[in-house]
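Here is the structure we will look at.
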Amino acid sequence: MEESKCFFNKNGYLILKDFFLKKEIDIVLNDAKNVFLRQFIEKGYTPRCTLDDLNEEQYNDFLYRLFEQDIECLSNCGKQAQHLISLHTLSLHTKIIELLHQVKLKSPTISTRPVLYFNHSRLAKKKIFHTVNAHQDWRSMQGSLNSVVIWIPLVDINKDLGALEILAGSHLDGLRTDHIENGFGMVKLSEQEKARLTSVEVKTGDILLFSSFLIHQSGDNITDRPRWSCHFRYNDLEDSSFLKRKYAHPYIYKPIDELITKDFPINEELIKIYS
Ligand SMILES: O=C(O)CCC(=O)C(=O)O
């Protein structure tokens, strides 16, 4: 680990091969896919079935159809996928907590809730919702200076599927964000920096850990498959600058008026639940 720690300090990232078992990751992927599958069945795209009854192409076709026909439903499924117990459990895996200690987070804490992505241009209205240009996560997290991100592929991700691109060593250049776009702290790269971006191809079970100051961007997904991944962010409560900044945290979590379903439920439906 000593060697890895030196590598991390210098380059701002670590790729840990086979960190998890494939089956541990598959639990999250299947749970996420099942959120959408329930709506495919509800909408009559397919008779009642399990994920195993559909091949990948059929599943993806339903996903793209849902985007075309009912974007609200797709987006709500996406939201439910962020709340999966398996996703949150993975973010608290003892191996992750040990790793956080190894990269010198003395008292790790969750920065923002885990996120799960399923990126494809056919599943988003704006480019930034499926392919994010160069950015740093620290700007939107603004937590401890040693905060880290753990980026986990839920499927094997190669360059064609849009492997994440990183700029090694860029964490040492400090905060380069010049504006925030859809919550991402965007960074302008020089031509030389663009040429130095490295694609991180990863397999299911591998993880990528990086400093929240490391500049990174989405690769282009040029396949017809969504790129499934999940990302966890951690702060360190012992970081002195974070303490001095009174643990400043820029996120809020509250219900939004327009999203509240009016005139629901009627009492009979509620009574049925308890009968
Ligand atoms: O996964 C991606 O392609 C971009 C997402 C990302 O970099 C982030 O959430 O900070």
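The values are calculated or read from the model by the stated rules, or taken from the named source; none is laboratory data. Since the structure is predicted, the reported quantities are computational estimates derived from the model, not experimental observations. So basically every Cβ, Gly included, is an ideal-geometry build from the backbone, and we count neighbours across all protein chains shown. All accessible areas refer to the heavy atoms of the entire protein, side chains included, with ligands and DNA or RNA removed. Shrake-Rupley method; radii C 1.70, N 1.55, O 1.52, S 1.80 Å.
Working note: Karplus 6.51/-1.76/1.60 with θ = phi - 60° gives the stretch 117-126 the couplings 10, 9, 8, 6, 5, 7, 10, 8, 8, 10 Hz, where Gly and Pro are set to x.
Applying the Karplus relation 6.51 cos²θ - 1.76 cosθ + 1.60 with θ = phi - 60° to the stretch 110-116 yields 3J(HN,Hα) values of 6, 7, 10, 4, x, 10, 10 Hz, where x marks Gly and Pro.
Rounded to the nearest 10 square angstrom, Lys262 shows an accessible area of 130 square angstrom against a 1.4 Å probe.
An ellipsoid equivalent to the stretch 181-275, defined through the eigenvalues of its Cα gyration tensor, has semi-axes of 39, 24, 16 Å when rounded to whole angstrom and sorted largest first.
Taking the Cα centroid of the stretch 141-167 and of the stretch 209-275, what is the distance between the two, rounded to the nearest whole Å? Here the answer is 16 Å between Cα centres. Applied to the stretch 76-90, the Karplus parametrisation 6.51 cos²θ - 1.76 cosθ + 1.60 on θ = phi - 60° returns per-residue 3J(HN,Hα) values of 5, 4, x, 5, 4, 5, 6, 10, 5, 5, 5, 5, 5, 4, 4 Hz, with x for Gly and Pro. Along the axis of the charge dipole computed for the chain (Cβ charges of +1 for Lys and Arg, -1 for Asp and Glu, origin at the Cα centre), the listed residues Phe62, Thr261, Thr198 are led at the positive end by Thr198. In percent, what relative contact order does the stretch 156-220 have, based on Cα pairs under 8 Å that are 6 or more apart in sequence? Relative CO of the stretch 156-220 lands at 59 percent. Share of carbon and sulfur in the accessible area of the stretch 2-243 stands at 50%, probe radius 1.4 Å. Note that the chain presents 56 Å² accessible area per residue, ligands and nucleic acids not counted, probe 1.4 Å. Taking a ≥ b ≥ c as the square roots of the eigenvalues of the alpha carbon gyration tensor, the stretch 111-202 is rounded, as a/c is under 1.5.
Within the listed set Tyr13, Tyr117, Tyr247, the Gaussian network model of the chain (springs between alpha-carbon atoms below 10 Å) gives the highest mean-square fluctuation for Tyr247. As a size descriptor, the averaged projected area of the C-alpha convex hull of the chain was calculated at 17.2 nm².
Helical runs assigned H by DSSP (4 residues or longer) give the chain a calculated mean residue ellipticity at 222 nm of -10000 deg cm²/dmol, each run adding -39500 (n - 2.57) before division by the residue total.
About its Cα centre, the dipole of the chain is roughly 720 debye, where the only charges are +1 on Lys and Arg Cβ and -1 on Asp and Glu Cβ.
How high is the relative contact order of the chain? Use alpha-carbon pairs under 8 Å, at least six apart in sequence, and give a whole percent.
Details: 451 pairs, mean separation 77.4, N = 275.
Relative contact order for the chain comes out at 28 percent.
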